[in-house]
Amino acid sequence: MAREFDVIVFGATGFTGRHVVEQMHKSGKEEGLTWAVAGRSESKLNDALKEVATWIKEDHPDENVDVDAFVKCIPKVVADVADPESLQRMAARCMIVINTVGPYRFFGEPVVAACVEEGTHHVDVSGEPQFIESMQLKYHEVAKEKGIYLLSACGFDSIPCELAFNLCRENFRGKLNSVETFLRSKNPKGGSVNTGTWESAVHGVAHWNELVSLRRQIGEKLFPRKMERPRFKLEKRGVVFRTPLVPGYCLPFLGSDRSVVLKSEMFRHQNCEGYQPVQIQTYFSLPSIIAVIGLSIVGSVFLLMSKFAFGRRLLIAYPEIFSLGIFKQNGRTREQSKAASFKTIACGKGWHAGDDESKPPTGEIVCSLEGPDPGYIGTSTMLVQSAICVLKDNVAMPFSGGCLSPGFALEKTTLPRRLSERGFKLTVDRQS
């Protein structure tokens, strides 16, 4: 069905939303897409567009961007999560909604429900396992019936991990048994992360026990085919350890990456006859033992306070104090974002053709993905390109629709190439 717009960016006034608008400006011209911005206030949308136009004018003087003309020419849609009818009107006007309004635990489902009702695709950057998996449980089958895709975790959570994992799967010469990923980030001095991520983490930790029941229901409804226990389980690491793969000290990464990749593997096992899921564990590195101690203190306080309503209110009210400056209300400056970067290294182990699979795997592959500022520039690029893949590459996507993990949904699309053309670097570093 023809729609007025190909894409609507919902939450365009937010910190992430403004970066998404910048990416839509670039990609909209390249792909010939019609698009609009949406939010609760038209005046705030105008302010956001004015700031984005200023960024474009400074970074690309050859475009001769007229700020006032830019603000005027971008269509604006007023929609509010507290007004379901406005969300439905928004969803009815486009092919796909890019949703940047979080925490998704509180504000995500009304937008998803509106998209399902109107037969509209939906992508977001949620790194909240409870939201992601509850949407899969509730909307996967109806999304398949309606022929629409609902994809979460299409930003830094969890595209880099999914792509690095898939790179190992696709290039290992033999049968892969396990993959470990290691995240390195380069943060400029004084750089910080916007408090939206912090707030999502507070509520996620506070309600972590919900996942037990949720995952049992998902297993029964979406993944009834039982998986075999691996003969050789992935090696358990210490809480803090070192590895030649990355400098510094490594710790378990407690974000959504592992759970999102596992869901991709469960979808493959359920729908690809004979597929044996690959084990996955995720880590991140810190440069020094002092950084490890500092983060351990922050983490201990965070976990303790997240258990109580009063503690959660304090954490959300004073993020800069309790995170030791890692999270701030306004996040990074534009200059700090440009100086930031990340690298995800994936190390896979398995058996090469002819190896004895009754013995521990000895084959190894190391792949990596490097990208720009993970918080905003990188995330917005990944989100917009994921949305474009849903619009233009859906014939290469599984089923006719569904509420899927991005690594499974987008693995046969042009997403890796698109990101490579936009400053990301995907490489197979070595194989033995």
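Some points to look at:
- Selection of segment 388-397 for residues being surrounded by fewer than 20 Cβ atoms within 10 Å (Cβ to Cβ) and under 21 Å from residue 126 (Cα atoms) yields only 391.
Here is a yes/no grid of residues against (1) within 23 Å of the chain's Cα centre (by Cα); (2) over 26 Å from residue 215 (Cα atoms); (3) surrounded by 23 or more Cβ atoms within 10 Å (Cβ to Cβ):
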residue	(1), (2), (3)
70	no, yes, no
78	no, yes, no
86	no, yes, no
97	yes, yes, yes
100	yes, no, yes
106	yes, no, no
109	yes, no, no
125	yes, no, yes
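- Residue within segment 48-71 that is closer than 25 Å to residue 194 by Cα and in contact with a Cys (Cβ under 9 Å, 6 or more places away or on another chain) present: no
- Wholly enclosed helices (runs of 4 or more DSSP H) of segment 1-110 bearing at least 3 residues farther than 30 Å from residue 393 by Cα: 42-59, 67-73
- Set 249, 283, 318: member being touching a strand residue (DSSP E or B) at 6+ places or on another chain (Cβ under 7 Å) and over 30 Å from residue 411 (Cα atoms): 249
- Hey, residue 254 in contact with a helix residue (DSSP H, G or I) (Cβ under 7 Å, 6 or more places away or on another chain) and either of a type outside the set (Lys, Arg) or surrounded by fewer than 19 Cβ atoms within 10 Å (Cβ to Cβ) (or both) or not: no
- Criterion applied to 340, 346, 353, 317 was being over 30 Å from residue 26 (Cα atoms) and under 21 Å from the mean Cα position of the chain (by Cα), and the one residue passing it is 346.
- Residues of segment 398-414 satisfying the condition of being closer than 15 Å to residue 143 by Cα and either touching a Pro at 6+ places or on another chain (Cβ under 9 Å) or without any contact (Cβ under 8 Å) to a residue 12 or more places away in the chain (or both): 404, 409
- Qualifying residue in segment 338-350 (condition: within 26 Å of residue 18 (Cβ to Cβ), free of Cβ contacts under 8 Å to residues at least 60 places away in the same chain and in the same structural domain as residue 176 (by TED's automatic domain parsing)): yes
- In the condition set (1) charged (D, E, K, R); (2) in contact with a helix residue (DSSP H, G or I) (Cβ under 6 Å, 6 or more places away or on another chain); (3) in a loop (DSSP other than H, G, I, E, B), residue 332 is compliant with all but (2).
- Among the residues of segment 316-325, not a single one is at negative phi, surrounded by 21 or more Cβ atoms within 10 Å (Cβ to Cβ) and β-branched (Val, Ile, Thr).
- For segment 149-252, the strands (runs of 3 or more DSSP E) that sit wholly inside it and include 2 or more residues that are assigned by TED's automatic domain parsing to the domain that holds residue 387 are 149-151.
- Residue 368 being in a strand (DSSP E or B), crowded, with 21+ Cβ neighbours inside 10 Å and among the polar types (S, T, N, Q): yes
The values are calculated or read from the model by the stated rules, or taken from the named source; none is laboratory data. The structure presented is a predicted model; accordingly, all values stated were derived computationally and were not measured. Note: ideal-geometry Cβ built from the backbone for every residue, glycine included; neighbour counts use all protein chains shown.
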